[in-house]
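Okay, so here's the structure we're looking at.
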Amino acid sequence: MDFSQCCAIVGSASFDAGHFLREYDAGAFACVVAADGGFASLEAAGVMPDVALGDFDSLGYEPDAPVVERHPVMKDETDLELALMWAHRRGFPSAAVYGALGGRLDQTMATLQTLVHFARAGMCVAAVGEGYVVAVLSSGKAGSLAPANMVSNETQEEGRVDTAAVPSPCASLDLPGGLEGIVSVCAMGGDARVTERGLLYEVEGFMLACDSSRGVSNEFTGRAAHIEVAEGDALVFLPALSLCALSDKNPV
């Protein structure tokens, strides 16, 4: 994975301001987008986003940002999905999503589903929660895509793409040595063929079922680690690592 030229997107849910500000101060973000109530979180952290978009029903007012995109309350997409569409249309190769995990479980699930869509579309994407990071790995292969008649032409034009023919640059994750903590891998949207090296439990080309808890609670060993998805899509739950650690290349 590669999080250079990263677009940071901040939603309305619980916000890890410490992680965001460390990345922001290190110059990790090429652009910052506030999705609705994420504007208030950024304002409290002393950061003005480059773009604010959404229906602003959570925020309660239209913010005074350099660029504002107001959308109707009655719409098909969440504000977070609109923000990811905005980043994808403008060619950002990666996105780090804050303020989108925790709170309402249905919203969290929708966030993870949306991240899988954009990983299939070729973006490197990760979400940062309170004390943890979720990276999305995708083989980019067809098989679990929605039928074409479920996506309107208007929605495709707005940023959702047919991912069947898109090669994925985010099928693997290389992590540096010296890390500690728990690593969990969960198949998403179907079974996933997973390889995990350098962790306490290693597997090679293992078919991880989407209705199994088999991938939960692996551990770092101090060695560099490699996680790869050859088929399907998977969520990788990690400690609150920096985007730089997610971008490192440490083949094992």
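Viscosity 1.002 mPa s, temperature 20 °C: give me the Stokes-Einstein translational D for the chain in µm²/s, with Rh taken as the Kirkwood radius over C-alpha pairs. Mind showing how you got there, number by number?
On the way: Rh = 18.3 Å.
Answer, rounded: 117 µm²/s.
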*Given q = 0.13, 0.28 Å⁻¹, what are the Debye log10 I(q)/I(0) values for the range 41-116, with equal point scatterers placed on the Cα positions and solvent ignored?*
-0.41, -1.59
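Multiplying the sequence separation of Asp57 and Arg22 by 0.36 nm and subtracting their Cα-Cα distance, what value in nm do you get?
Separation in residues times 0.36 nm, less the Cα-Cα distance, equals 9.7 nm.
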*Describe numerically, in nm with one decimal, the distance between label points set 7 Å from Cα along Cα→Cβ at Ser14 and at Asp64.*
3.3 nm
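Per DSSP H run of at least 4 residues, take -39500 (n - 2.57); add these up for the chain, divide by its residues and hand me the 222 nm value, nearest 500 deg cm²/dmol. Don't jump to the answer; show the numbers that get you there.
Details: 6 runs with 54 residues, N = 252.
Helix-only estimate at 222 nm: -6000 deg cm²/dmol.
Given +1 on the Cβ of Lys and Arg, -1 on the Cβ of Asp and Glu, and no further charges, what dipole in debye does the chain carry about its Cα centre, rounded to the nearest 20?
Working: 14 positive and 34 negative charges, 114 e Å.
Charge dipole of the chain: 540 debye, to the nearest 20.
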*Roughly what % of DSSP beta bridges within the range 6-247 run antiparallel, to the nearest 5?*
60 percent
*Fully extended, how many nm does the chain gain between Ser4 and Met207 (0.36 nm per residue separation, minus their Cα-Cα distance)?*
70.0 nm
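Assuming R0 = 22 Å, what is the FRET efficiency of Glu219 and Ala240, from their Cβ-Cβ distance, to the nearest 0.05?
0.85
Values quoted throughout were computed directly from the atomic coordinates according to the rules given, and no laboratory measurement underlies them. A quick note: this is a predicted structure, and the numbers were derived from the prediction, not measured. Virtual Cβ from ideal backbone geometry, glycine too; neighbours counted across all protein chains shown.
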